[in-house]
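The values are calculated or read from the model by the stated rules, or taken from the named source; none is laboratory data. Here the structure is a predicted model, which means the values were calculated and not measured. Cβ placement follows ideal geometry from the backbone for every residue including glycine, while neighbour counts extend to all protein chains displayed.
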Amino acid sequence: MKHEDKTIESALIFAQQQTSDHIPKQFIWPKDNLSQTSNEVLNEQVIDLQGFLKNEKEATLHAANLVRESCLTHGFFQVINHGIDLDLLAKTEEHGHAFFKLPLTEKLKCKQKEGSVVGFSCAHSQRFRENLPWKESLTFEYNENGPNKLVAEFFNVALGDRYKETGMIFQNLCEAINKLAHALLELLEISLGIDGHNHKYYRKLFEDSVSIVRCNHYPRCNKPTLTYGVGPHCDPNTLTILYQDQVGGLEVFVDNKWKSVQPKRDALVINIGDTFKALSNGKYISCLHRVSVNNYKPRLSLAFFLCPKGDRELRAPQELVDKDENKKYPDFKWEDFLQFTQKNHRADENTLEEFKNWIISSKNHNA
């Protein structure tokens, strides 16, 4: 069966089973992956960014200390007064729900092509054949210095003029979140105690970022204990900024147990990814998380995965390496790490270490 036919077949199966008591076997996860349920709520930091964004010194140092505490523990926190227009977030949620309510034939007009991360995907079935997540998603790129209104153009080309408003809403949101992401890079730098000639090291590294944006829809599932919306993993990118509705389902692994994240209205979720773990020379933890599903209400989230330009050479600031007296990760390019997760390794809690070993093995092979 052709790749395209397989993708459509999986999408049809998924659509048909959303109101059924039966779950296709490719969506059922092994029992050892599902054995530990989340019975405890995570008491994570909720950081007020208002003073930091106004360049107030005392407020900045306070926020940086809270960030450091979170990133040394589990790599996860939430932010309020983040500067993103709340009406824009509400409109994004509204238009996101509207897209996923479209007939499957309409959504498949912009289905992901083989080898691409952009487009509509049903349970990532274009890549995997088992342990599929109970979700569908729409993914596109935000190129900071790319063609004008690239996100809006994606919606226009993929779905037509009737989605012009949707495209502009997502375009405006991406521009706002990208601005916040760069500010957070500076706050992370402060929290790590980086100064001197390395000032604004991370911001400079991401000046021409090409980020990945994904709108996720987790339908109701009549057998939620058999599957995941997303299985346990660490994000391979640098920093993830997530807007979620009030349904809940996100869970973080901390203190050797899974803890649920309570949605907080007007807050954005922030988690550290593998790339920033490497860029902090391993000081900050890449957040291990998962998403559960439920049998009563669908869930929607929008994730902005901050990524550097693909061919940018990535390395931790020398200041951190000198303090640690050793370099924990080899230099790498984001495009190589991304391809590793697309072709060699399905993202999980060991992705960065596997990638590190792959780089060392490749260098030894070519020596």
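For the stretch 303-347: of the residues being among the basic types (Lys, Arg) and surrounded by 15 or more Cβ atoms within 10 Å (Cβ to Cβ), which is nearest to residue 176 (Cα to Cα)?
Only one residue fits best here, namely 309.
Looking at the structure I just gave you, is residue 175 under 17 Å from the mean Cα position of the chain (by Cα) and of a type in the set (D, E, K, R)? Don't jump to the end; show me each part of the working.
Working: under 17 Å from the mean Cα position of the chain (by Cα): yes; of a type in the set (D, E, K, R): yes.
Against the criterion (under 17 Å from the mean Cα position of the chain (by Cα) and of a type in the set (D, E, K, R)), residue 175 qualifies.
Look through 143, 178, 222, 148 and report the one residue that is out of contact with any helix residue (DSSP H, G or I) (no Cβ under 8 Å at 6 or more places or on another chain), touching a residue at least 40 places away in the same chain (Cβ under 8 Å) and within 24 Å of residue 335 (Cα to Cα).
Only one candidate qualifies: 178.
Sort through 153, 165, 186 and tell me the only one that's of a type outside the set (Ser, Thr, Tyr) and under 29 Å from residue 282 (Cα atoms).
Details: 153 fails: under 29 Å from residue 282 (Cα atoms); 165 fails: under 29 Å from residue 282 (Cα atoms).
Just a single option satisfies the conditions, and that option is 186.
Let's see how each residue does on (1) among the acidic types (Asp, Glu); (2) under 21 Å from the mean Cα position of the chain (by Cα):
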residue	(1), (2)
268	no, yes
273	no, yes
279	no, yes
284	no, yes
297	no, no
304	no, yes
311	yes, yes
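Give the residue that is farthest from residue 297 (Cα to Cα), with candidates limited to residues of the stretch 96-123 that are in a loop (DSSP other than H, G, I, E, B) and touching a strand residue (DSSP E or B) at 6+ places or on another chain (Cβ under 8 Å).
Per the criteria, the residue is 113.
Since residue 41 meets every condition but one in (1) closer than 29 Å to residue 117 by Cβ; (2) modelled with pLDDT under 95; (3) among the β-branched types (Val, Ile, Thr), which condition does it not meet?
(1)
Exactly one condition in (1) under 27 Å from residue 287 (Cα atoms); (2) in a helix (DSSP H, G or I) is not met by residue 78; state its number.
(2)
Within the stretch 152-168, restricting attention to residues that are free of Cβ contacts under 8 Å to residues at least 24 places away in the same chain and among the small types (Gly, Ala, Ser), which residue is surrounded by the most Cβ atoms within 10 Å (Cβ to Cβ)?
Ranking the qualifying residues of the stretch 152-168, first place goes to 167.
Every residue, every condition in (1) touching a helix residue (DSSP H, G or I) at 6+ places or on another chain (Cβ under 8 Å); (2) over 23 Å from residue 184 (Cβ atoms); (3) without any contact (Cβ under 8 Å) to a residue 24 or more places away in the chain; (4) of a type in the set (Phe, Trp, Tyr), yes or no:
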site	(1), (2), (3), (4)
275	yes, no, no, no
293	yes, yes, no, no
312	yes, no, no, no
318	yes, no, no, no
322	no, yes, yes, no
326	no, yes, yes, no
337	yes, no, no, yes
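Residue-wise test of (1) more than 30 Å from residue 30 (Cα to Cα); (2) surrounded by 16 or more Cβ atoms within 10 Å (Cβ to Cβ); (3) touching a His at 6+ places or on another chain (Cβ under 6 Å).
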residue	(1), (2), (3)
129	no, no, no
134	no, yes, no
150	yes, yes, no
170	yes, yes, no
189	yes, yes, no
205	yes, yes, no
208	yes, no, no
211	yes, yes, no
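Return the total of residues in the stretch 46-75 being surrounded by 15 or more Cβ atoms within 10 Å (Cβ to Cβ), in a helix (DSSP H, G or I) and acidic (Asp, Glu).
The total comes to 0.
One residue is enough: does the stretch 155-165 have a residue meeting the conditions under 30 Å from residue 320 (Cα atoms) and either outside any helix (DSSP H, G or I) or among the hydrophobic types (A, V, I, L, M, F, W, C) (or both)?
Within the stretch 155-165, not a single residue is under 30 Å from residue 320 (Cα atoms) and either outside any helix (DSSP H, G or I) or among the hydrophobic types (A, V, I, L, M, F, W, C) (or both).
Just wondering, is there one or more residues in the stretch 344-359 that are free of Cβ contacts under 8 Å to residues at least 60 places away in the same chain, in a loop (DSSP other than H, G, I, E, B), more than 21 Å from residue 233 (Cα to Cα) and under 26 Å from the mean Cα position of the chain (by Cα)?
no
Inside the stretch 88-113, can you point out the residues that are acidic (Asp, Glu) and under 19 Å from the mean Cα position of the chain (by Cα)? Can you show your working first?
Restricting attention to the stretch 88-113, the residues satisfying the condition of being acidic (Asp, Glu) are 93-94, 106.
Within the stretch 88-113, 93 is the sole residue that qualifies.
Suppose we filter 279, 352 for residues that are crowded, with 19+ Cβ neighbours inside 10 Å and closer than 18 Å to residue 203 by Cα; which single one remains? Give the steps one after another, and end with the answer.
Numbers: 352 fails: closer than 18 Å to residue 203 by Cα.
Being crowded, with 19+ Cβ neighbours inside 10 Å and closer than 18 Å to residue 203 by Cα holds for just one of 279, 352, which is 279.
How many of the residues making up the stretch 232-251 are assigned to a strand (DSSP E or B) and in contact with a Lys or Arg (Cβ under 6 Å, 6 or more places away or on another chain)?
2
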